[in-house]
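Novice: Got a structure here, written out as structure tokens. Questions coming.
The numbers here are math on the coordinates, done by the rules we state, and not lab data. Model, not experiment: these values are computed from the prediction. Cβ: placed from backbone, ideal geometry, glycine included. Neighbour counts: every protein chain shown.
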Number of protein chains: 2
Amino acid sequence: MTKDVVVEHGESSKAPLVAAAGVGRAVSFADIFLRFLAIIGTIGSAISMGTTNETLPFFTQFIQFEAKYSDLPSFTFFVAANAVVCTYLVLSIPLSIVHIIRPRARYSRLILIFLDASMLTLLTAGASAAAAIVYLAHKGNVRANWFSICQQFDSFCERISGSLIGSFAAMVLLIVLIFLSAFALARRH
Amino acid sequence: MTKDVVVEHGESSKAPLVAAAGVGRAVSFADIFLRFLAIIGTIGSAISMGTTNETLPFFTQFIQFEAKYSDLPSFTFFVAANAVVCTYLVLSIPLSIVHIIRPRARYSRLILIFLDASMLTLLTAGASAAAAIVYLAHKGNVRANWFSICQQFDSFCERISGSLIGSFAAMVLLIVLIFLSAFALARRH
């Protein structure tokens, strides 16, 4: 027996070890698949918000009525958060591939859980700030004297509402990713 | 040797097992301490936002100028999210106490990681939506024709800004809690 081989259950052969490795590998495959889905969600959100631009067909002598995402700081933050999380997810895929090769890795999974949780927080912050402003754009607020802008900028509002979906889907996927990494750590006997 | 006792390293005695249990116990104590801090943060945020109320010293015949948190849906969500997370944290403390007694528990830690991640998302969503509206209350937005309300409601604005701090601190604590639980899982040989 070499030093690397660890006997886990006193009474067992290598069978549970191999089974644990199999589960770890399956989890790593699921991990990569979910990361791809989350990449699609965040990149879709960033692009659809980032390219939103509506110019109204009427204008006065001085002002052309135009709405774009960068008019509202929350939307800029939303695009930035989605771009950062998307970049992180792309960079984390090599680590997931390492986990397929070495399914019993511990500390790399630990780092992944920490980074996933941080990115989940960033993405949620961006999506939620944007959602608060989208809600305000739709409904306005009588008490604060903020009027709805969605009557004028109809397609702008549809677009910004739709762009939230990808982010919220990616948030759910990130929670599942954290759970999967933790599950792989728990299963590793 | 009973069925419960598991020999971990083929060549080792029970020493690493005991050491792992010690680390697990230390992590559980830190876990409870951080949960208490997070409870204080969320309850402080919920109360300080929930009791915010400013009536201006002047009024017309028909309108008395008054601002309270329930005028803005994002603030109501903020209070609700903080209350839910605070309740969850209180309820999760017994589970952390179980982890002191049984430091090598696996699946209860896994459940805790999942619930902590979900609560982190809820809390971040509430805090971030409120922050987006607080920002708007301070700065307003020229493009959307939304005016700052902080010139009039000065102490209201100070209060709602301050109430965010507890939530953001609790967010950081929850990320650390997720990491600690994952660390305990990784250390458990």
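Novice: List the distances, in nm to one decimal, from the label point of residue A:84 to the label points of the same position in every other copy, shortest first, placing each label point 7 Å from Cα along the Cα-to-Cβ direction.
Specialist: Label-point distances to the other copies, shortest first: 2.4 nm.
Novice: Quick one: Cα centre-to-centre distance for the range A:87-115 and the range B:63-106, in angstrom?
Specialist: 31
Novice: To the nearest µm²/s, what D does Stokes-Einstein give for the range A:90-138 at 25 °C and 0.890 mPa s, using the Kirkwood radius over alpha carbon pairs as Rh? Kindly include the intermediate steps, with their values, before the conclusion.
Specialist: Working: Rh = 12.8 Å.
Answer, rounded: 191 µm²/s.
Novice: Further question on the same structure: Along Cα-to-Cβ, 7 Å out, sits the label point; list in nm, shortest first, how far the one on residue A:53 is from those in the other copies.
Specialist: 4.9
Novice: Using only alpha carbon positions, build the gyration tensor of the range B:93-189, then give the equivalent ellipsoid semi-axes as the square roots of 5 times its eigenvalues, largest first, whole angstrom.
Specialist: In descending order the semi-axes read 41, 13, 9 Å.
Novice: Continuing with this model, one more query. Considering every residue in B:132-145, what mean count of other chain Cβ atoms within 10 Å of its Cβ is obtained?
Specialist: That average works out to 6.
Novice: Can you figure out the FRET efficiency of residue A:97 with residue B:91, using R₀ = 41 Å and their beta-carbon distance, to the nearest 0.05?
Specialist: 0.60
Novice: While we're here: Quick check on the range B:28-128: what are the equivalent-ellipsoid semi-axes from the Cα gyration tensor, as sqrt(5λ), descending, whole Å? Numbers along the way, then the final one.
Specialist: Working: eigenvalues 304, 31, 11 Å².
Result for the range B:28-128: semi-axes of 39, 12, 7 Å.
Novice: Then there's this: Would you kindly calculate the translational diffusion coefficient of the range A:148-189, applying Stokes-Einstein with the Kirkwood radius from alpha carbon pairs, for 4 °C and a viscosity of 1.567 mPa s, and quote it in µm² s⁻¹ without decimals?
Specialist: In µm²/s, the coefficient rounds to 101.
Novice: Along Cα→Cβ at 7 Å, what distances in nm separate the residue B:73 label point from those on the other copies, shortest first?
Specialist: Result for residue B:73, in nm, nearest copy first: 2.3.
Novice: While we're on this one: If the chain between residue B:145 and residue B:76 were fully stretched, how many nm would it gain, using 0.36 nm times the residue separation less the Cα-Cα distance?
Specialist: 22.5 nm
Novice: Return the FRET efficiency for the residue pair residue B:158, residue B:21: r is the Cβ-Cβ distance, R0 is 56 Å, and the value is rounded to the nearest 0.05. If you can, show how the numbers build up before the last one.
Specialist: Numbers: r = 49 Å, r/R0 = 0.87.
The formula returns an efficiency of 0.70 here.
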